[in-house]
Structures are given as structure tokens and as C-alpha cells.
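Data block below; observations after.
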Amino acid sequence: MTYNSTIQPRSGQKHRPAKRLIRSACVAMISAAAFVVPVVNAADLTLEGKKIGVAVVGTQHFWDREAFNGALDMVKELGGEPVPVDGGRDNQVHADNHDILLSNKVDAVISILGDGAVEPKFEALKNAGIPVFTVDHLSPHGVNNTTSDNYYMGTTIGRYMADAMGGKGKVAVFNAFEGALRICGIRTGLWKYVLQDYPDIEIIQPELAEEFANAPEDARKKTLDLLNQYPPGELDAIHVGCWDQPAIGIVQALEEAGRTDVLVTALDGGPDTLEIMAEENSPFVANVAQQPRLIGQTAAMNAARHFAGESLLPQTFVDVKPVNGPDGAKAVYEELGYGTL
Amino acid sequence: MESDVLLEMQGITKTFPGVKALDSASLRVSRGEIHGLVGENGAGKSTIIKVLAGVYQRDSGSVRINGKQPEPLTPASVHDAGVRFIHQELHLVPHFTVAESVFMGQELAGAFGLKRRLMRERAETFLKEALQANIPGNALIRDLGVAERKLVQIARALVDGKASLVVFDEPTAPLDSGESEQVFTAIRQLKSRGISMIYVSHYLAEITALCDSVTVFRNGSTVSVLEQVEANSTDTIIQAMVGRDIDALYPEKSHAVGGAFFSVGGLTDGQRLQPLDLTINRGEIMGVAGLIGSGREEFIDTLYGVRAAHAGSISLAGNVVNIRSPSEAVAAGIVLVPRDRRHDGLVLDMAVSDNINLATLEAVSVAGLEHRRKATERADDIAATLDIRPRNVNAVARYFSGGNQQKVVLARWLITQSRLFILDEPTVGVDIGAKVEIYQLVENLVAEGASVLVSSSDPGELLGLCDRIAVMYRGALVDVLEHDELSMDNLISMTTAGIPRAAEA
Amino acid sequence: MAVAPAAIFLLLLVYLGVTAPNLLELSTLSLILQQSIPTAIVCMGLASVVMAGGDDVVSGGIDLSIPATAVLAAAIIADQLVNHGSGLAVALMLGMGAALLMGVLNAVLVVTIGMTPLLATLASSVAAVGITKVVTSSRRINVDHPLIVFLRDAQFHGISVAVLLTAMLALIFYVALHRTRWGMHLQAVGGSRDAAEVSGISPKRLMAHSFLIAAVAGALASVFLLARGSGSTPGSEENLLLEMVLATFLGAAFSPRRVVTLWGAVLGAVLVSLLSVGFKSIGVDVFWTGCIKGALILLVVASAAYSNKQRR
């Protein structure tokens, strides 16, 4: 798996002239990392008279909520009528919600996260002529997937973690979703790819699997079990492969057990985890922060672009912010507009 | 040739650990008759019925049904011999239809499942022809009256047409007189179809009206058999049932009775209990007599606020008191020693001293916290007065005997300095020695000026203890026996037939 | 009081019908039926247990473990198909066998040992969830076995095959529970244990049967769970449990005798699904939907308890 070969523009070839505009017409809304092919000026985009279904797997977590609200707000801003459905952190309910959007005859669906259960639903929507714009879920049945640069996230967190560990030691990984979600496959897969070059870093087997719902509490318990199994000196780091809600519980467990020598790394970088990272001597040392709100907004804008007749690339990548150490956490926290720490 | 005797039970003896429940008892039922079986509580009626049903195995004696001796006697073999039992409890499912209930456990089914229509038709036909009742087969049990439910229960036992002897155990206990008549009609109809019956009842009026002959039990033996029952056989039956002197269990009635202290007017629960008036004087022991279903329990529960009063007033020492819950009753100075002390009266797994102090914790509390030593001392004092054995107030109540448990409950209320004590079945499950002590205690209470209301199913106890006795019959207070009217005959005839003594004289 | 849940439900339906006009279209109705499937099947199991154990909420019959059993069976089937390369027959046998073992466990706990069904099945539910986690390592397993896909997508004259199969299953359950002597005995036991006993019916045997039937329902539901989710998703028992209890007791409010019946339970499942779809169609927040469902369960169960009290 390499960084560039995975991006294969599906329709890019037919619109060569448009490519020239990439550099000149970068839209203020979308950050520089976004590889959209704009033919319509952002100010002219509209969803007037369109009913846009917005499905999210849950709204308990900051990331999900921000992406959801970002999409909803942008749909409204563009004059569309959003039809929000929330899976309540249950992937099956989330998938079933797409059926409801289908029967509600929406004009397009923005679908945020979800596991394999949604694929047949996407297919049904596509067959009914309803375009699907996914967030963090690459699907053959979607028009476009807006996501963070997962490749960059995976390799960056791999490098930061290896550096923090001094290039050697044992690391345990929470990795429930590598096989089930493509984005997690990328993030964890590339993290492992980087570690191939650090022969002295050993990934503890079997890998741990966190629960989707109640992740922090679940991870806390599993970490306490892990710490019993690996006394001081036998465990150097714990990594969460695809997100960072479990890291909240992991840090709690480390503090409870007085094992703050064990390093923690994870991905997502919402305000809650950045705050933990910013604490003095926090074991939580590295992260890569995403911009979920911007991702949601971008997905909505992509829907508008699609309706304006523009051809979209299969994926739109939104910039991420690597976070290294407490000072890095404070800086990113401020940069992303969460306030000051 | 078929013999005239359908059932012949002879020399039946049944012993339970420590108790001889049946002592060479006999019961003989002729073909086609309704045979009454009477006796006081504990006389052995239900034991012999259970022996017949195959529930209890007899120690000795013989049982012949239809000339044959089914051995062993089991519920199944008795059923096969054509004997059916109509238990006191209805055993019906409220949301089942009449047809479903009649055929419960004996459903008619073919290759394509239940034959619902056939079952409905058969149930309706049987109810109409055999029991003279028009009850739709698809009516729900919960929409029926109690008498109709009783008929459905009877139909279930008899619908297979194989019954030759039916045993009725107190079939009219939960019914009022109109409803009872419906059941009598059905029973007479069954008799005309040649079915024999054993009729167990406390209601002597029913026995004389319905039965052809009667067997009287006392203390586990058959004491009398009346072959020809007539309307005026009641006296003979009562004499046979009682047959003993009221012994010297009871204390001398030496206390002085004062003026009116407690009175109820028009009290009713709006359901079973019909409005009643009653006055109890200061220092008086008032008895309440009545069979099961007479409304005696409802009356006591309503007085005590366990059952909601629908109408009526209660006044204590001239002041009207409002009692909607037991705690209000206690506050007003009325206390209850309940009939089921193991469940309603005692916290079985608490120490005796805690049980005694339960109602009066404030008296032994300092700033809301129980003062343990004070509490134990007080409990020990009263335990000594009442001679509660063993004299260890820290022991758990569960392991005390029935009599001593009863004394613990009494002790709790004695220390409240209450003025009216309601004792509901005070000596059920209590041995003779403890009985005497409890009776003496009651006597002491009234001697100190308190008033006592004793509700009991034991007529001897009421007669021996009380100054006056209020008699209840089918939900109504029919009369109050004054001191000079207290006699076993009066009491039994009134509780069993509801006849005010004036009419009898 | 017993009809209060039904009345409130009908009011909700009218409100939804007015505010979400597409709710009563054919395509939406078919969606509602499809989404009700796993719930409807576990409801059939619960209905059997409640009918045999009585509808007293505390001491009566209840089986909280059916959803967890279904999810466990689904996990085993998925794990066998995907991770062990087993054939469908073997996978189904193992999954459904595990479900039946749960039924045996419940029957032993309740009938032989004498635990209250509420506690016994709560415990076995927790156990089933635990085993599911062990089997799947809490991971989702995608299943694309042709038969599972067929069950998900196939249509027969425009009607989902899964819906047709569920309807057939309901019919079989109906005949067994309401049209056979065995079914009447089961109901008699639930109606009054003493009455059944004096009528020569063995309450213990029938209660044990009911838990086995419930496990069979759980086993069957597992296949439909797999089809609906295109795989096994640990954790889906929670929502299923909520809907099962709500639907089954709601069905009682709609039944003419106000007791839990097979059709009542199935109707309840469809109505609950309708409610979910309806609320989402008019954009009610998912948390509010949870609140409303919870309140409805409370209402339904409370009114059942209340009418029981009235009957005594």
C-alpha cells in the first residue's frame, strides 16, 4: 500500500481543463489539502429545493457530532432542507436509517461513518438514483467520500510513536475496526507499515478490541487487565488504531494503576483528548487532530457541486494537524478554535 | 346387583407427627344422595377428604368406591373411579373463556388442532342441561359472577360424563345468598341426574336444606350419622359437633365494664362488608364471630386501615378519628395483633427486642438514633412480664414457638400504652399453655381499663373470653350476643345460619 | 387503564400519519415490515414465555436473554462462515445449537433451580453477551454468503422474502400456541399454575418448553439479524431487547383479552418499527426517540401490572 496509488480519480480524465483551475480557485471554505475539482464558484453553490438526508452513526462523540452538525449547517446555509437521522451509536440502526431516507425520497444522502452494514443500503440508494456522499467511509456505491488524509494520519502517528518510544519496546494496540472499516484499515495498516522499519518495537499479540459504544469505560477495564498481565517494564506504549475515545479510559487506567510510564498514542484529536494531552506529564503523547466540522461541511458542499453538474473525485481529503506533546496539543487546540489551554 | 352404597370408608386413621388427625373415622355415602359432612375446624373433615382424594395416604382403614377397592389410592385412580372434587378455590384463569376453562387439560382436538366450536357447544350444553345455567361459552371468566365461575368449575370436573361421586368443599363460602341459590339449583339438578355428592360446609342451614344424610366429625372421629335430615336437625347436629364443655382454659371474668368507649357507625368497605354499627365499652372484651367469608376479616382490616373504608365513621372516646392506614390507627391508640403474625406481625429475621421496639422507636431514640441499651432493657422488662421464652431478647424471632411469637407481637403493642387492642385469631397455631397465658394477658389488659376486640373462628374461645359477641354472616353484622345470651348453641346457630336469636326463641 | 397504551399509541400513529405523509405509502410500509423482522421473531419467543409464565412483571414469565441469544447465534454463524471456512449447514448447526443450549440453561435455572425468570434470564443474557465478545473479539464480521444475501434482498412478487418467511413463522407459532392442546396447556399454566395443576397439566414441563421455544425463536432471529446487518454486529442486542419488551407488552394492550398473545406480540413489533420509522421521518432526535420508547415501555408494563392488581 503506498500513499499515492490509492487515489485513482474515476472521472478526472474527462475533465482535463478543469484540472488547471485547481491551483487558482482554491475555495476559502475548503483547506488547501482538499483535492476537489471545482468548476463552480463556491459562492454560486446551492442546494435550494433539495431534501438532503444526513445520516450519522451517533452523536455522543465530539467527532461524530461535529461532522453531523457541520453537514447539517452547510445544507441549511446552501438553502437545502436537511433530514437528519441518528443511529444512536448503533451501526445496525445507522444502516437501517438509510432505508428511511430512501422511503422519504430525499434528493441526496450524506452518510457519516458506519460499518459494512450500510453497503447494501448505499447500493439501494444508488439504484434509486439517489447520490450518496460519504464521510469517512469509502464505498463503491458512493459518489464521493470526504475524509481526513488517513494515509498521512497512519504514517505520522507511527513515526511519532516510534520516536516517543525511542525506537524500541512493547506496544499494545486497540484495533477493533481494522478489518471492518476501510479508514481504520488505512490508519492502522500504515501505522504497522511504519513499524516494520523499527524491528525493536514489538506489537503485543493478541491485539485488543475496544467496544464501539461506551468506549472509554470499556478501554479502562481492558487496560487494567492488560496492566496486570504486563508488569512495569514489560509494556511501553498503548496505541489506539483508529480513534481516541478509548484513550480517555486508557489514561484513566494508567493513572489508577500508577503506570504513567506507559505512553499512549491515538488518532482524532478532539478537544476532550487534546485537553488530556496538554496536562503536565500526560502519558498521552501523540495524536493527529482532524477537522470534523470542516469535513461535514465539505461533504455538503460536494453534494451541491454534484448537483451543479461538477464531476467529483472519489475522495476529498481534509487537512489534519499532527499533535506532538503537551505544547503541540495546546497549539492545535487554539488553532482549531476550541479555545486556549 | 349394584349395592346401594357408593362410597364406604371405614376405620380410617391418619397420624401426622404429633397429631392424630383421624382416629378410626368412617364415612358412608349411598347411591344418589347428597351427604353432608360437618364438624368444627380441626375435626378432620379436610383430612378425610384428602385421604379419599389420594393426596394423603391413610395409616389404616379401608376405602371402597362402587364396591371396588382402588389400591393404591392416588389422585389418578380416584379420578378413574369416577370421584371428582370441587375445591374451595376456583382454580380458573381470568382471561380464559368459559369453554376453554371447562375443557382445560381435557381439550378436544383433531388433526387440524383444537375443535373450538365443538368445545364451546359442549360446554354450553353441559352448563344448561346438567347445571341449569345459561352461560355463553365464549364469555371470559373475569366477566362472570362468582357463582357462575363456581358452575364453570363444576362443569370442568363433570363434563366428561364419567363422574359418579362429587365432593364439594365449602362451595358457597365466597357467595352471598342469591348466588348460593344458583349453586344449589345446579347441585339439585346433578342429583336428579343420579350423581352422588358429599357436601362439606360450615353453613348448617345449607346442610339441612340440601342434604339427605349427614356425618358429623369431632376430634378426628365420626361421632354421629343422621340418616334422615330435616329442617329442624340443626340442633342435633350442633350438639354432636360441640359435644364438650368449655373447659377451664379461660380466666374468671372479673373485670368491670365501663361506659361506651369506641364506636363505629355505618362502616363499610363498599364491597363485601355491609354497613355495620358496633359499640365497645371501656374495659370490655368484645368478640367477633363468623365463618370464613362472613366479612369478619374484612371488618377487622377496615377498622385497622389496611382495607380502605368506603363509608362510615369511627370514634374513640367521643372523638371521631380518621383511619386510612395502620400508622394512623396506631397514632389514634388502636393496635392490631394480626392473624398471620409470621407475615403481618413479625419481622422474622429481626431480634426479639427489635420486634418489640418497632412501633415505639421514638421512645428509645436519642436524636433520631436508636439507643440500643435502652431499647434492649425495655424489651427485656416486657419479656419478663409476659414470660417470653427463651428469655433472650437478642435472639432472632423466627426460632421462637408460635405462642412466644404471639407474645412478642403483643409485647410490642403493650408498651405503646394503647387503649384499644384488636386481636385477630390470637391463638391460631398456639399451644394450650401459651393460650392460657394469652387469655390471662387479655384479661389483665381490660382490668387496666383498655378495651379489646377479639376476632376468632373458635367459638369456645369467644365464649370463654368475651363479655359480648358480635356475629357476622355473609358480609353483615347480624346481631350482638349479650352477656346472658352467650351459649354455644346460640353462637353456632347464628354463625352457621345467620338467624338472630330472637327468631329462634 | 389497560387500554391506555393502545390509545396513546393510536394517537401517536395519527400524529405521525399527518406529519409524515409518506409513512403510509406502500414502500414505507414494506420498509416498516422489514425493519420489524428480528424484533418480531424474538417477540414470538417472549410471547411463548410470558404465556407460560404469566404476565406478572416480577414473578411471571419473562425471558430477557432472547436478544442476546440471537446475537450470539449470529456471531457464531458469522465467525464459522468467515473465519473458519465452515459450510452454511455446519455454521447454522453450531449457532443454533448454542442458542438452544441457552434455552436449556434458562429452563434449568427457572424450572429446576427455581430462580425468578427475570433474574435467571438477565444472568444468562449477560453470559450470552460475554460469549459473543469472546467469539468475535467484539469485532464486526461481514458476511456475504449467498443465502444470507438472498434473505436480505430477495423479493417474491414485490414482497420481501424475509417478510414472507417471518409471516409463515408467525403462523406456525400461532397454530402451536393457540390452536393445539399443548398451546392451551401452556396458556393455562401462565393463567393460573394451580388451575393447570388440578387439571392434570404439569406446569414445570410447560414452562421448560416455553424457554426452549424462546431459544428457538432466538436461533431463527439470528439468521435474519445476519441478513439485515450483512454480518454480525456485537452490541445489537440492546436495541433488540428494548423493542422486544415494548412490543410484546404493547401487543397485550391491543389484544381483546388484554393478555400477551402471539399476534399481539407480532403486531406490537410492527407498531414499534412503525414508530421508529415515523419518528425518524419527521426528524425527531434519536435521544428523544429513546425517551419516548422508554416512557412507552413504562406505561405498557405499568398498566399491565395495574390491571393485574385490579383483577385480584
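Any read-out appearing in this document is the output of simple, stated calculations on the displayed coordinates, not a laboratory observation. Everything quoted here is computed from the prediction, not taken from an experiment. No Cβ is skipped: glycine too gets one built from the backbone with ideal geometry, and neighbour counts run over all protein chains shown.
Numerical summary
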| quantity | calculated |
| --- | --- |
| Helix-only mean residue ellipticity at 222 nm for chain A, each DSSP H run of n ≥ 4 adding -39500 (n - 2.57), per residue, nearest 500 | -12500 deg cm²/dmol |
| Unit charges on C-beta of K, R, D, E only; dipole of region A:150-267, Debye | 280 |
| Peptide C:230-237 - average C-beta neighbours from other chains (10 Å radius) | 6 |
| Sequence-separation-based contact order of chain C, relative, with Cα cut under 8 Å and 6+ spacing, percent | 34 |
| Dipole of region B:101-173, positive direction: furthest Cα of B:L151, B:A111, B:Q132, with charges on the beta-carbon | B:A111 |
| Net charge of Cβ neighbours under 15 Å - reference B:V63; Lys, Arg +1; Asp, Glu -1 | +2 |
| The protein assembly as shown: translational diffusion in µm²/s, Stokes-Einstein, Kirkwood Rh over Cα pairs, 20 °C, 1.002 mPa s | 60 |
| Binned Cα-Cα distance frequencies in region B:346-417 - 10 Å width, integer % | 23, 59, 17, 1 |
| From the C-alpha gyration tensor of region A:167-314, square roots of 5λ in Å | 32, 17, 14 |
| Largest-first ellipsoid semi-axes for chain B, taking √(5λ) over the Cα gyration tensor eigenvalues, angstrom | 45, 26, 24 |
| Among beta bridges that DSSP assigns inside region B:5-242, antiparallel share in %, nearest 5 | 55 |
| Region B:100-172: chymotrypsin sites (Phe, Trp or Tyr not before Pro) in DSSP coil with no more than 13 other Cβ atoms inside 10 Å | B:F112 |
| The protein assembly as shown - share of DSSP beta bridges that are antiparallel (%, nearest 5) | 40 |
| Shielding by partners, peptide C:175-185 (average Cβ within 10 angstrom, other chains) | 4 |
| Semi-axis lengths, Å, region C:1-53, gyration tensor of Cα atoms, sqrt of 5 times eigenvalues | 26, 19, 5 |
| Top positive-direction residue, dipole computed over the protein assembly as shown with Cβ charges, set A:Q252, C:G45, C:S124 | C:G45 |
| Zero-based 10 Å bins, Cα pair distances in chain C, whole percents | 7, 28, 35, 23, 7, 0 |
| ³J(HN,Hα), Karplus 6.51/-1.76/1.60, whole Hz, each residue of region A:47-59, x for Gly, Pro | 10, 3, x, 9, 9, 10, x, 10, 10, 10, 6, x, 10 |
| Largest-first principal axis extents of the Cα set of region B:5-242 (Å) | 53, 39, 31 |
| Kirkwood Rh in Å, taken over all unlike Cα pairs in region C:47-201 | 17.6 |
| Region A:227-235 - phi-based ³J(HN,Hα) in whole Hz, Karplus 6.51/-1.76/1.60, Gly and Pro as x | 5, 5, 6, 10, x, x, x, 9, 9 |
| Structure-based [θ]222 nm, chain B - -39500 (n - 2.57) summed over DSSP H runs of at least 4, per residue, nearest 500 | -9500 deg cm²/dmol |
| Dipole magnitude of the protein assembly as shown, debye to nearest 20 (Cβ charges: Lys/Arg +1, Asp/Glu -1, about Cα centre) | 2800 |
| Chain C: calculated mean residue ellipticity at 222 nm from DSSP helix runs of at least 4, using -39500 (n - 2.57) | -25000 deg cm²/dmol |
| Under 27 Å from A:K168, Cα to Cα: lysines that are on another chain or at least 8 residues apart | A:K192, A:K221, A:K222, A:K321 |
| Chymotrypsin sites (Phe, Trp or Tyr not before Pro) within region A:187-240: DSSP coil, no more than 10 neighbouring Cβ in 10 Å | none |
| Estimated D of chain A in µm² per second, where Rh is the Kirkwood radius over Cα pairs and Stokes-Einstein applies at 37 °C, 0.692 mPa s | 160 |
| DSSP bridge pairs, region B:50-180: antiparallel proportion in percent, nearest 5 | 50 |
| Candidates A:I186, A:I250, A:I204: whichever shows maximal mean-square fluctuation once chain A is modelled as a Gaussian network with Cα springs under 10 Å | A:I204 |
| Within 10 Å of each Cβ in A:82-93, the average number of Cβ atoms from other chains | 6 |
| Per DSSP, loop trypsin sites (Lys or Arg not before Pro) in region B:347-421 with at most 11 further Cβ within 10 Å | B:R391 |
| Rh (Kirkwood; distinct C-alpha pairs) - region B:61-143, Å | 15.0 |
| Highest-MSF residue in chain C out of C:A219, C:A123, C:A68 [GNM, Cα springs under 10 Å] | C:A123 |
| Amide H contacts of B:I86 (H built 1.01 Å from N, under 5 Å, at least 5 apart or other chain) | B:V167, B:F168, B:D169 |
| Span-rule helices in chain C, defined as complete DSSP H runs reaching 20 Å or more along the axis (Cα) with Kyte mean at least 0.5 | C:4-19, C:37-53, C:66-83, C:88-107, C:117-136, C:161-178, C:203-229, C:237-254, C:262-281, C:286-311 |
